[in-house]
Amino acid sequence: MTNNENKKSPIARRKFLQTLGSAVAGGAILSVSGGLMYRAKRQEATLYWQIDPQKCTQCGRCETHCVLPISAVKCIHANKVCGYCDLCGGYYRSNVKELNTAAENLMCPTGAIERQFVEDPYFEYTINESLCNGCGKCVKGCTSFGNGSLYLQIKRDLCKDCNECKIATVCASGAITRVAFDMAYQLKE
Amino acid sequence: MKKLLIAIISLLFAVTVNAQNRFPKPDFESGYQYPDITYQVPHETAWITVDIILLVLLMSIVAWATLKKRTHKPVVAVSIISVAYFGFFRSGCVCSIGSVQNIALALADDTYILPLSVLLFFILPVLFAFLFGRVFCAGVCPMGALQELVNLKNYKLSKTVTAMLRMTPWIYLIFAILYAVTRSSFIICRFDPFIGIFRMGGDLGLILFGALLLVAAVFTGRPFCRFLCPYGALLSLFAQVSIWKVQITKRPCINCELCHNACPVDAIKPPYDNKIKETRIKGVKRIVNYFIVFLPLMIFAGAVLMRSISSNLSRANKDVRLYDMVVQHESAPQDILSLELEAFYGQGGTIEALAEIYNGIQKDFRLYSTFAGALIGLVTGFTLIGLSVKRTRKQYEIDHANCVACGRCFEYCPQNSLKQNEL
Ligand code: SF4
Ligand code: SF4
Ligand code: SF4
Ligand code: SF4
């Protein structure tokens, strides 16, 4: 707004500023979208929140911090890793006196782990997903005393794909990160 | 006691983290087969495509309705669709408002890979704002649409209060970008007041806040949009210089004030007769003085202030908090470790490696806080200058930065109900 511009009428000046503004705005849109589009094409973006089972320390926050009323994190069982033990560290509490299915002996607070006799001395374990709340107690037991075949994972069909996973902001071990489409699920096999 | 036990267990865990097969794979004699478990994967890509198509379609409908047909009714329909689909059905994530953070992070840090869908969610409403004004806000944004649908009355706040409150979206935006580029937190997502309502569950405090905003929205149009939404602030820049603009009426204004009362976002400025008589040249000099003396001063003050508190701000970062915990623990070791420290030592972390990360984050925070401070100074300065600059207006005029292109004013303007051929 220098003095020689003042000779023009305010209307003309306003018009000029408007055109200038439009040019700047249009240029900004073009350069930002062009630049980011170019980069978006080059590499596959990471979009899906997943737990790295190797890092997770079962801090218990998965149960309490998901935005959903019942967490999108569930326990997953890798049968091919499992030892099919009778004295399962994930099924029984560590100080059980009798190996029966009374609730006070069981690790899972909601009774989501079901077991079935296969043959002596093996038992097959299955997670009833609708009961599991993602507390990770069984996972802790299995990782400490067993083969680590039980682990926590964010279920893709339940997860809302929050722009920022609320559990990731409090995860004690930094185990929750975004992964690319073909890496979700991160399963133990 | 219990904590101690957990600590012991986790120590055990720390040693054996890789020794996975304590028990060998069983040899089944009964011909047992491993169960074949597959996990359901939703059709995310398909849904994202639907999202984008609907986004463009709805914005086009609004642009057509408010610029070409000049009617408000289709906008209501769009609002209902948007609240139902983007709000309740898709539960509002990722939304355009939050995408600002992803974009900022992608621009600042090229190791972050931006999904194309997020880029489109960000850039399409901006592009439409540049072409047609804030048609996204009119009814396509589920949050704006929700507030619009409950709105009944438009009590207006005083001009000064409104101008001051309109600074908050900018400051919110600046902080959101600061925390996004330092990979600390996405505060827009964390403090989203409406997501809990759309998901019908979530943080109780935020749901309450959202409900309060909605109650307020009944009596005064769109409180969230006007006084909080950071994306709206960004869009207003583009809407200000948009190619096509909403017009209240194509006929001359008769200064009846009806549109002013109808506008939910107080975007229609009444006629104003500048009483202060100063010569043109004097007025221009005064304004130039504001810009070359006052504004740089504000920017400088903001930058210095924010830089001086940058290490406090950095505590929003998880790694910074972890570093503080580790330092505290190393100087006065405790028997009972917090969950974070347990995980840190369990993963074999060392304080040296963490310190390097910590210093990197501190450096980022110093740099970006300075920028953020300068921007805050700029916004404050502009607001104050805006309050003191008075411009004579002969009739009611739309302020296109604030206009959300809802088209409500059309119905109220008596000039619009004249017959077509009288044009
Ligand atoms: S992304 Fe959201 S819904 Fe999914 S696990 Fe995290 S908090 Fe829960
Ligand atoms: S919050 Fe992190 S460490 Fe805790 S249980 Fe979940 S993934 Fe594991
Ligand atoms: S101002 Fe923000 S919340 Fe309001 S309609 Fe626009 S984008 Fe949505
Ligand atoms: S279209 Fe009219 S009523 Fe709607 S926001 Fe713009 S000026 Fe206000």
Inset, instruction - Could you list which residues have their amide H under 5 Å from that of B:I268, counting only those 5 or more apart in sequence or on another chain, with H placed in the peptide plane? - result: B:D399
Inset, instruction - Using only atoms on other chains, find how many Cβ atoms lie within 10 Å of each Cβ of peptide A:159-169 and report the average. - result: 6
Inset, instruction - Distance check, please: which entries in B:K68/B:K390; A:K55/A:K80; B:K156/B:K394 exceed 26 angstrom between their Cα atoms? - result: B:K68/B:K390
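Averaged per residue, what accessible area in Å² does region B:286-423 show with a 1.4 Å probe, protein chains only?
Working: 7850 Å² over 138 residues.
Per residue, region B:286-423 has 57 Å² of solvent-accessible surface.
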Legend entry - Structure-based [θ]222 nm, chain B - -39500 (n - 2.57) summed over DSSP H runs of at least 4, per residue, nearest 500: -17500 deg cm²/dmol
Inset, instruction - Over region B:280-388, calculate the relative contact order: mean separation of alpha carbon pairs under 8 Å at least 6 apart, over the residue count, as a percent. - result: 55 percent
Legend entry - From phi via Karplus (6.51, -1.76, 1.60), per-residue ³J(HN,Hα) for region B:120-125 in Hz, x at Gly/Pro: 5, 4, 7, 7, 4, x
Inset, instruction - Pop out the carbon and sulfur fraction of the accessible area of region B:230-376 as a percent, whole number, probe 1.4 Å. - result: 63 percent
Inset, instruction - Partner chain Cβ atoms within 10 Å, averaged over the residues of A:55-61 - can you pull that number for me? - result: 5
Legend entry - Per-peptide average of other Cβ atoms within 10 Å, ordering B:394-403, B:40-49 highest first: B:394-403, B:40-49
Legend entry - Computed over chain A: relative contact order in percent, which uses C-alpha pairs under 8 Å that are six or more apart: 34 percent
Inset, instruction - For region A:130-136, take each phi angle, set θ = phi - 60°, evaluate the Karplus expression 6.51 cos²θ - 1.76 cosθ + 1.60, and give the result in whole Hz per residue in order, putting x for glycine and proline. - result: 5, 9, 5, 10, x, 6, x
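Before we go on, tell me the buried accessible area for the B/A pair, both chains summed, 1.4 Å probe, in Å² to the nearest 100.
Values: alone 24830 and 12120 Å², together 30700 Å².
The buried area between B and A, both sides summed, comes to about 6200 Å².
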Inset, instruction - With θ set to phi - 60°, apply the Karplus curve 6.51 cos²θ - 1.76 cosθ + 1.60 along region B:338-347 and write out the HN-Hα couplings as whole Hz, x wherever there is a Gly or Pro. - result: 6, 4, 5, 5, 4, 5, 4, 6, x, 7
Inset, instruction - Tell me which residues come under 5 Å, amide H to amide H, from A:T177 once H is placed; ignore anything under 5 positions away on its chain. - result: A:Q50, A:D52
Inset, instruction - Would you tell me the accessible area of B:L105, worked out with a 1.4 angstrom probe on the heavy atoms of the protein chains, in Å² to the nearest 10? - result: 10 Å²
Inset, instruction - Count, for each residue of B:122-128, the Cβ atoms from other chains sitting within 10 Å of its Cβ, then give me the mean as a whole number. - result: 3
Legend entry - Amide H contacts of A:C85 (H built 1.01 Å from N, under 5 Å, at least 5 apart or other chain): A:F123
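The values are calculated or read from the model by the stated rules, or taken from the named source; none is laboratory data. Because the structure is predicted, anything quoted here is derived from the model rather than measured. FYI the Cβ positions are ideal-geometry reconstructions off the backbone, even for glycines, and counts take in every protein chain you see. Accessible surface is based on the protein model in full, side chains and every heavy atom, while ligands, DNA and RNA are left aside. Shrake-Rupley method; radii C 1.70, N 1.55, O 1.52, S 1.80 Å.
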